[in-house]
Amino acid sequence: MSASNHTAEALDLLFTSTTPGWFSPFTEATAGLTAAQAATVPAPHFNSVWAVVNHVCYWQKATLRQLQGLPVDSAALGSADGSGWPAVGEASGEAGWQAARKAALEANAELVRYVAGLSEAELDTGISDGESWNTRRHLVYSMIAHNSYHTCEITTIRHMQGWWFDAM
C-alpha cells in the first residue's frame, strides 16, 4: 500500500470505522442523537455536538482547499471570523441536524479521495512556508489529530448529558 493510500485509510477509518476497536470514530460519536440533543450545550464554556460537527466539517473543507493550493474563504465555508467555528444559529430540526452530520461525513470522504490520489512526492510537497504543517503529509496528519480531538469532545459532551452508554 502506498503512503498516500495508507494515510487516506487512516483519515477515513479513524472517522468512519464500524469495526469495534480502541476508539469510537466520529460516525459512532454522532450517531443516534436527536436534533435537540445535538443542539444542547451541556455547560458554560462547552460547545454543542452540533457546533463541533460544523467545526469539523469546516476544517475538513478548509484543509482540502489548502492541500489543493486553493485559497480558503472562511466566510464562504461558514466561519466569517476565520476561527473555523461557524455561527451556531438556531437549531433547524432533525433534517438540519442530519444534513450537518452528512456534510461532515461527505467532507471527510472528499478529503480521503484527494489524499489517496497523491503520489509519495506530492504528499511530501510543501504547501506553505513557516507553517508547522508545511507539507501535505503534515497537514493531513494534523487533520487526523484534529478529528480525533473533536470526536473525543463529542463523546465527553454525550457523557456529561448521560447519552453515551445508552448508545453502546
Taking the range 30-59 and keeping residues closer than 16 Å to G162 by Cβ, of a type outside the set (A, V, I, L, M) and either part of a helix (DSSP H, G or I) or over 17 Å from the mean Cα position of the chain (by Cα) (or both) leaves G32, T34, Q37, T40, P42, F46
Cβ pairs under 8 Å, 6+ apart or interchain, first in the range 115-136 and more than 17 Å from L64 (Cβ to Cβ), second assigned to a helix (DSSP H, G or I) and at pLDDT 90 or above, ordered by first then second residue, are D124/R136; D124/R137; S132/H138; S132/S142
Selection from the range 14-29 of residues assigned to a helix (DSSP H, G or I) and either touching a strand residue (DSSP E or B) at 6+ places or on another chain (Cβ under 8 Å) or surrounded by 18 or more Cβ atoms within 10 Å (Cβ to Cβ) (or both) yields L14, F15, F26, E28, A29
For the range 69-120, the count of residues that are within 24 Å of T34 (Cα to Cα), surrounded by fewer than 16 Cβ atoms within 10 Å (Cβ to Cβ) and among the hydrophobic types (A, V, I, L, M, F, W, C) equals 5
Within the range 30-41, restricting to residues that are polar (S, T, N, Q) and over 20 Å from S148 (Cβ atoms), the one that is surrounded by the most Cβ atoms within 10 Å (Cβ to Cβ) is T40
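Could you tell me whether S48 is closer than 30 Å to L118 by Cα and of a type in the set (G, A, S)?
Details: closer than 30 Å to L118 by Cα: no; of a type in the set (G, A, S): yes.
For S48, the condition - closer than 30 Å to L118 by Cα and of a type in the set (G, A, S) - is not met.
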Expected single match for in a loop (DSSP other than H, G, I, E, B), farther than 30 Å from A121 by Cβ and over 15 Å from the mean Cα position of the chain (by Cα) among G82, G96, G69 is G82
Note: among A103, A75, just one is of a type in the set (G, A, S), over 19 Å from T7 (Cα atoms) and out of contact with any Cys (no Cβ under 8 Å at 6 or more places or on another chain), namely A75
When every residue in the range 56-92 that is modelled with pLDDT of 90 or more and β-branched (V, I, T) is compared, the one farthest from I144 (Cα to Cα) is V72
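The values are calculated or read from the model by the stated rules, or taken from the named source; none is laboratory data. In this text the structure is predicted, and so the values were computed from the model without any measurement. Note that each Cβ is placed from the backbone with ideal geometry, even for glycine, and that neighbours are counted across all protein chains shown.
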